[in-house]
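Following: one structure in structure tokens, then a few remarks.
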Ligand SMILES: [Zn+2]
Ligand SMILES: [Zn+2]
């Protein structure tokens with residue numbers, strides 16, 4: 001019997017459809033991830049083809065991580081009129097902000113899981129530094145960080161990269177998590193994500209954990225093989241994590257992505273970062289990332305109803321990662 005499951009906190013529902021009898025190998029990705037392009041703008045030697053660099057991390061006087069503005073930005077740092085309201089229902093504000101790219105490695109054929117945990121920690125530090133610098137602009141209310149991998153994951157270039165979009169508002173999906181966390185906290189006097197990771201690590205959905213970080217397949221997974229990773233201690237963002245916590249987090253992220261790559265033939269995915277916006281009075285959102293493999297197509301039902309059908313149960317997905 002299929003189950004209609006609710007997200008831990010949000011009014012977001014999924015149908016876990018176990019009846020279709022799919023095995024993990026049925027989700028193996030068959031398409032080629034390579035995006036055809038003659039010149040890779042992100043490879044060493046082509047630095048002049050990207051907009052002027054914002055920052056870099058070097059090793060032996062060569063860059064190992066590089067950050068620069070996106071050539072085709074979704075938002076721009078141009079001043080505009082703050083709010084335009086026309087009539088009762090037309091609202092717009094300028095798409096103010098910065099759209100940046102962080103290239104995690106100079107090596108074209110590598111991905112995050114090929115990097116050492118120490119290198120991944122350096123990537124996290126660059127993300128954290130860019131968030132803080134963007135937040136210095138008082139007009140910026142949030143910096144959304146994400147990674148697209150593979151064509152179906154939305155990556156237009158095959159060289160691995162992370163993107164960062166700073167916005168003049170906290171995005172709705174983040175705000176929903178913040179509000180739901182606050183409501184839970186008021187009622188239970190604790191952080192829901194601390195409680196969720198504690199509880200889930202004791203279930204069949206728990207995947208990898210160590211002293212500082214935990215990973216599990218969420219109860220109402222929207223995507224086959226979806227995984228959430230979070231520090232065990234309550235932290236609001238990367239900047240609040242100790243070196244040991246960042247290292248644990250990096251090690252688990254690497255393990256999960258490696259497993260995905262080897263077992264499902266390098267599938268496309270998105271990594272979504274959620275942290276508490278800095279200056280917000282009451283936001284105390286627990287930092288976490290969501291890894292969302294893009295192995296199923298959302299169609300009419302998903303887009304229209306907002307309810308997602310997932311044919312891989314999180315219990316089986318967790319089993320797959322641990323196998
Ligand atoms: Zn490249
Ligand atoms: Zn917490």
Next item on the list: Grab the strands (runs of 3 or more DSSP E) fully contained in segment 39-88, keeping just those with 2 or more residues being free of Cβ contacts under 8 Å to residues at least 12 places away in the same chain and away from ligand 2 (no atom under 16 Å from the Cβ).
Entry: 55-59, 84-86
Notebook entry, point to check: Since residue 109 meets every condition but one in (1) within 16 Å of ligand 1 (Cβ to nearest atom); (2) loosely packed, with under 14 Cβ neighbours inside 10 Å; (3) within 28 Å of residue 276 (Cβ to Cβ), which condition does it not meet?
Noted result: (3)
Checklist line | Hits in segment 170-186 - residues which are away from ligand 2 (no atom under 15 Å from the Cβ) and over 14 Å from residue 11 (Cβ atoms) | finding: 170, 171, 174
Next item on the list: Taking only segment 155-197 into account, find how many residues are within 16 Å of ligand 1 (Cβ to nearest atom) and either at pLDDT below 95 or closer than 25 Å to residue 210 by Cα (or both).
Entry: 4
Check: For segment 274-288, which residues satisfy the criterion of being in contact with a strand residue (DSSP E or B) (Cβ under 7 Å, 6 or more places away or on another chain) and either at pLDDT below 95 or under 22 Å from residue 11 (Cβ atoms) (or both)?
Finding: 274, 277, 285, 286, 288
Item checked: Inter-residue pairs, beta-carbon under 9 Å, first more than 15 Å from residue 177 (Cα to Cα) and away from ligand 1 (no atom under 16 Å from the Cβ) and in segment 279-297, second modelled with pLDDT under 90 and assigned to a loop (DSSP other than H, G, I, E, B), 6+ apart -> 293/29; 295/28; 295/29
Item checked: Residue match in segment 94-106 (condition: more than 16 Å from ligand 2 (Cβ to nearest atom), closer than 29 Å to residue 231 by Cβ and modelled with pLDDT under 95) -> yes
Notebook entry, point to check: Is it fair to say residue 243 is out of contact with any helix residue (DSSP H, G or I) (no Cβ under 6 Å at 6 or more places or on another chain), more than 16 Å from ligand 2 (Cβ to nearest atom) and within 27 Å of residue 203 (Cα to Cα)?
Noted result: no
Note to self: Residues that are within 24 Å of residue 132 (Cα to Cα) and in contact with a strand residue (DSSP E or B) (Cβ under 6 Å, 6 or more places away or on another chain): list the helices (runs of 4 or more DSSP H) wholly contained in segment 159-266 that include at least 3 such residues.
What the structure shows: 243-264
Margin query: Of all residues being at pLDDT 95 or above and surrounded by 20 or more Cβ atoms within 10 Å (Cβ to Cβ) in segment 291-305, which is farthest from residue 15 (Cα to Cα)? Just the residue, please.
Written below: 291
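The values are calculated or read from the model by the stated rules, or taken from the named source; none is laboratory data. Treat the numbers as computed from the prediction; the structure is a model and nothing was measured. Positions of Cβ are backbone-derived with ideal geometry, glycine not excepted, and every protein chain shown enters the neighbour counts.
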